[in-house]
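Values quoted throughout were computed directly from the atomic coordinates according to the rules given, and no laboratory measurement underlies them. Predicted model, so just to flag it, every value in this text is computed and none were measured. Heads up, the Cβs are rebuilt from the backbone with ideal geometry, glycines too, and the neighbour counts pull from every protein chain shown.
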Amino acid sequence: MSVADLTTSPVTSTYTKTSSRLHSPQLSLSPTRLSVHFSRSPRPNPRAQNFKITCSVNQVPSPVAVQTEEAKNKSECFGVFCQTYDLKAEEETKTWKKLINVAVSGAAGMISNHLLFKLASGEVFGPDQPIALKLLGSERSFQALEGVAMELEDSLYPLLREVSIGINPYEVFEDVEWALLIGAKPRGPGMERAGLLDINGQIFAEQGKALNAVASRNVKVIVVGNPCNTNALICLKNAPNIPAKNFHALTRLDENRAKCQLALKAGVFYDKVSNMTIWGNHSTTQVPDFLNARINGLPVKEVIKDHKWLEEEFTEKVQKRGGVLIQKWGRSSAASTAVSIADAMKSLVTPTPEGDWFSSGVYTNGNPYGIAQDIVFSMPCRSKGDGDYELVKDVTFDEYLLKRIAKSEAELLAEKRCVAHLTGEGVAFCDLPEDTMLPGEM
């Protein structure tokens, strides 16, 4: 899984809102001017200069040139966003829902390059849901973020009403109802898993603090940057004012890969595969559950009689699919990762089909399976379509499944000890059982 573009300069929790920021929480029904405001002004934290574009629906006067140093760093209008229009004249907008704010970190990366256009098109939230995209990158990626904004502009999405970019999570995350945390540092040659946990853990600790300070109290957070389970745990521990249940680690791509492999083996199309669970960590200890999965409504083991294939080849194919893709293509998965993020979001905003479920890495406190408390573990979930979920109770376990789940559980408990300094639980101590790889690593 490709991860790109991290915030390299941590931002302190001290935050002062700038009064000049143009923002509208909902669409005005009066004639408006849609504009883009560029600014590059020093922040209170000298290490984290904030670069920001805000595309807002606001009533604003025509731009007036001001000859100051600050004005030299501004551009008034940005192409189509300078045009005026009357929302009252647009019949379709009268039935639109309230504007929804979605933040995306690592927004200049390849995954985001596929995902943002799915979000802007209405594929995730529907054809009557206007959206504001808030894109977080780094100082190094600022020009690339401008390019992303330009491509979104050129796509003429009617539902896309605001686009803002920045490098300060305390501004980008303000009032967001969804936060898709994609940006993280990839594991380099010779880097131990413990080292990656510490480096990326610091990023997600800071982003958790920012969400806690300025995001909606009911924000839904999907962590994609690896190691995503433990990064999600770090993030939620640093956001005590947001329900821990609202944090997810992305294991949907693993679920999609497992469905595809079962469909291939059974000789059916993948829409015939249901009730697929990925248990555990997003690593090569993950457990694709063929015991509870179904093909055409029948248990997988009744359709695929080769149980040795299920226990050995199928499981390994799912666990190592990302690495094989890198070998074939020379790069990690981006488009399929973006699709899986969209799938994960749709599973939370649309009711789960009767009898089915989906996989997500969620907080284990109160789980009915006997899995250790206080970690983020992929488990089967159902949703009523309100953004919330419940864990599925009617699942079956056998000795093979329990043994595999225990191995992934042990790895996550060890990872948790590695990041104790980032979760407020004391001094970190790393005793990882083995240096397992992530699904997208060589």
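Please list 153-166, 303-316 highest first by mean number of surrounding beta-carbon atoms within 10 Å per residue.
Values: 153-166: 19.3, 303-316: 14.7.
The packing order, highest mean first, is 153-166, 303-316.
Please list the three semi-axes, largest first and in whole Å, of the ellipsoid equivalent to the range 252-441, using sqrt of 5 times the eigenvalues of its alpha carbon gyration tensor.
26, 20, 18
Can you tell me the order of 364-371, 117-124, 247-254 when each peptide is scored by its average per-residue count of other Cβ atoms within 10 angstrom, highest first?
Top to bottom by mean Cβ count within 10 Å: 247-254, 117-124, 364-371.
Could you run the Karplus curve 6.51 cos²θ - 1.76 cosθ + 1.60 with θ = phi - 60° over the range 336-350 and give me ³J(HN,Hα) per residue in whole Hz, x for Gly and Pro?
5, 5, 4, 4, 5, 5, 4, 4, 4, 5, 4, 5, 8, 10, 10
Give me the extension gain from Asp271 to Leu413: residue separation times 0.36 nm, minus the current Cα-Cα distance, reported in nm with one decimal.
On the way: separation 142, 0.36 × 142 = 51.12 nm, distance 3.47 nm.
So the chain would gain 47.7 nm between Asp271 and Leu413.
Per residue of the range 229-240, in order, report the coupling 6.51 cos²θ - 1.76 cosθ + 1.60 (Karplus, θ = phi - 60°) as ³J(HN,Hα) in whole Hz, putting x for Gly and Pro.
4, 6, 4, 5, 4, 4, 4, 5, 5, 8, 10, x
Roughly speaking, what is the centre-to-centre gap between the range 222-290 and the range 132-211 when only Cα atoms are used, to the nearest Å?
Cα centroid to Cα centroid, the span is 21 Å.
Name the long-range amide H neighbours of Glu139: under 5 Å, sequence gap of 5 or more, or other chain; modelled H, no Pro or chain starts.
HN-HN under 5 Å from Glu139: Thr8.
What do you get when you divide the Cα radius of gyration of the range 357-442 by 2.2 N^0.38 Å, with N the number of residues?
Working: Rg = 14.7 Å, N = 86, 2.2 N^0.38 = 12.0 Å.
Here the answer is 1.23, to two decimals.
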